[in-house]
1. It is to be established whether one or more residues within the stretch 225-232 are β-branched (Val, Ile, Thr), part of a strand (DSSP E or B) and open to solvent by 60 Å² or more (accessible area, probe 1.4 Å).
2. Can you confirm whether the stretch 300-307 contains a residue that is surrounded by fewer than 12 Cβ atoms within 10 Å (Cβ to Cβ), in contact (Cβ under 8 Å) with a residue 60 or more places away in the chain, outside any helix (DSSP H, G or I) and not hydrophobic (A, V, I, L, M, F, W, C)?
3. Limited to the stretch 156-167, what total is found for residues that are open to solvent by 20 Å² or more (accessible area, probe 1.4 Å) and polar (S, T, N, Q)?
4. Select, from ASN347, ASN398, ASN354, the only residue that is closer than 22 Å to ARG289 by Cβ, outside any loop (DSSP other than H, G, I, E, B) and open to solvent by 10 Å² or more (accessible area, probe 1.4 Å).
5. Does ASP219 count as open to solvent by 50 Å² or more (accessible area, probe 1.4 Å), part of a helix (DSSP H, G or I) and more than 30 Å from GLY16 (Cα to Cα)?
6. Could you tell me whether any residue of the stretch 278-289 is among the polar types (S, T, N, Q), within 30 Å of VAL104 (Cβ to Cβ) and modelled with pLDDT of 90 or more?
7. Out of the stretch 154-208, which residues are acidic (Asp, Glu) and closer than 21 Å to ILE408 by Cα?
8. From the set of residues in the stretch 145-155 that are among the polar types (S, T, N, Q) and open to solvent by 20 Å² or more (accessible area, probe 1.4 Å), which is nearest to ARG263 (Cα to Cα)?
Amino acid sequence: MEIITVEPNELLTIDGPASVRVIEGRFYVLGVDYGPGNAFTVMRGRRVVAKSLERGKVEIIVGPEGNFEKVGKSSDEVIEIWERALSEVSLRNSVIVVLGAMDVGKTTITTILTNKGVKEGLKVGIIDGDPGQNDVGPPTTVSAAIANGFITHLTQLKALKSIFIETTGIEYVWNYALSSIVKLVDYLKTRHSVDFVIINTDGWISGPDAIKFKLGLVDQVGANYAIVIKRENEANELLSKLSEWGGKTIVLPSPPNARVRDRDDRKIRREMGYSKYIMPPRDLTINLRDKPIINLPLFRGLTYDRSMLNLIRRVLGPTMYIEQWGDVAVAIGNVKEFHMKTLSNVNIAVLPMNWERGLLVALEDRENYLLTLGVLKRIYYNTGKAVITVSRNFDRENEVSHIRLGMIRLNENFEEVEKALYIGKLESMLQSQGIPIISK
């Protein structure tokens, strides 16, 4: 524990885990004025900038890897620019989308807007639309929450609803991610009557599909404001396209002391998230004929008798299972990796033995909301059953309507070992042929 004295307009950067209590004076932190006796927490791996509004003292307790230091005035300039710009935003009855590349301060802006809404007595709805670094819900999801008080980070919110979008990179599933975020906005408005909604987005802003996704997002959620945090020239293409949009675009600079996380750090945070939602583990057996896989409708197509299977094996080699829907089929064979074959005008997706082992999956309700994440261990083709590892604390089995396959493979320690992108190819193959799978 340390007692720090600060002069007016001095800045403290505080890296969590840390606990801060104001002893004297007033401090501006993420849209909130904290006075004597007030306290706030900085989560592990997060950075908060506190600005002293007058001479004062704070008590700071830092945990392992936590730290704090006084910094220069450049951050003060950014804080002032942000505060002036955000003070012009009319929060009530608004939808606000926060855009920008990775690690430019989108989560910080979302937190500030949340606190401003709470300060005004508004019911604030928040959507975390970044499946790779989701702070409100599990990794691989977009999630919705409501703020009940001041926060220093989105991890302090509890997800009300999450939608599993199968992977951590929106570029692979952006159409579904878009419809899912729109659905969550409607959920917060109609079922919880929130006064305004803030959408924190992922850092994918470059390229035609990224621009199409972001423009589609501000349009389809009926956004009143698009707040773009700009670092150098990263957002130029996005800003150019937003100039044609009918809402108000606010451009803010990225803070010079923004904490940049590398790929390994992001991966470790996701793996901690998987563990959080699945530990302590237990195995759950599900009959796929009763609760099917939504994006690969096994046991709902045509299966082959032994003589037909023997004929197929002459072309495909050793094959343990095959199922057909119209002009497409899936075969499980003695192959090293996923590939496609064509036989008598039937497109066959050939999967390796144990292709399912370790795949992240979602157990979903009838409205396609996430009930829990799980890890697929095995599918028994003779009985039509699957064994899925879920949390021992999961007690909503009666609400499970179906299972959705993800594109992330985990090992026994819930570490990411592969992106199984062929799951997306399977979905596209089935849908392109008009196969009657369960609709998303």
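1. First, the residues of the stretch 225-232 that are β-branched (Val, Ile, Thr): 227-229.
With part of a strand (DSSP E or B) added as a condition, the list becomes 227-229.
Filter once more, keeping what is open to solvent by 60 Å² or more (accessible area, probe 1.4 Å): none.
Taking every residue of the stretch 225-232 in turn, none turns out to be β-branched (Val, Ile, Thr), part of a strand (DSSP E or B) and open to solvent by 60 Å² or more (accessible area, probe 1.4 Å).
2. As a first pass, look at the stretch 300-307 and keep what is surrounded by fewer than 12 Cβ atoms within 10 Å (Cβ to Cβ): 302, 305-307.
Cutting the leftovers down to in contact (Cβ under 8 Å) with a residue 60 or more places away in the chain gives us none.
No, because not a single residue in the stretch 300-307 is surrounded by fewer than 12 Cβ atoms within 10 Å (Cβ to Cβ), in contact (Cβ under 8 Å) with a residue 60 or more places away in the chain, outside any helix (DSSP H, G or I) and not hydrophobic (A, V, I, L, M, F, W, C).
3. Here the count works out to 1.
4. Numbers: ASN347 fails: closer than 22 Å to ARG289 by Cβ; ASN354 fails: outside any loop (DSSP other than H, G, I, E, B).
Answer to the selection: ASN398.
5. Against the criterion (open to solvent by 50 Å² or more (accessible area, probe 1.4 Å), part of a helix (DSSP H, G or I) and more than 30 Å from GLY16 (Cα to Cα)), ASP219 qualifies.
6. The answer is no; no qualifying residue exists.
7. So the first thing to find is which residues in the stretch 154-208 are acidic (Asp, Glu), and the list is 166, 171, 186, 195, 202.
The answer is GLU166, GLU171, ASP202.
8. Of everything passing the filter in the stretch 145-155, THR155 is nearest to ARG263 (Cα to Cα).
The values are calculated or read from the model by the stated rules, or taken from the named source; none is laboratory data. Computed from a predicted structure; not experimentally measured. Heads up, the Cβs are rebuilt from the backbone with ideal geometry, glycines too, and the neighbour counts pull from every protein chain shown. For the accessible areas, the whole protein counts, side chains as well, though only heavy atoms, and no ligand, DNA or RNA atoms are used. Shrake-Rupley method; radii C 1.70, N 1.55, O 1.52, S 1.80 Å.
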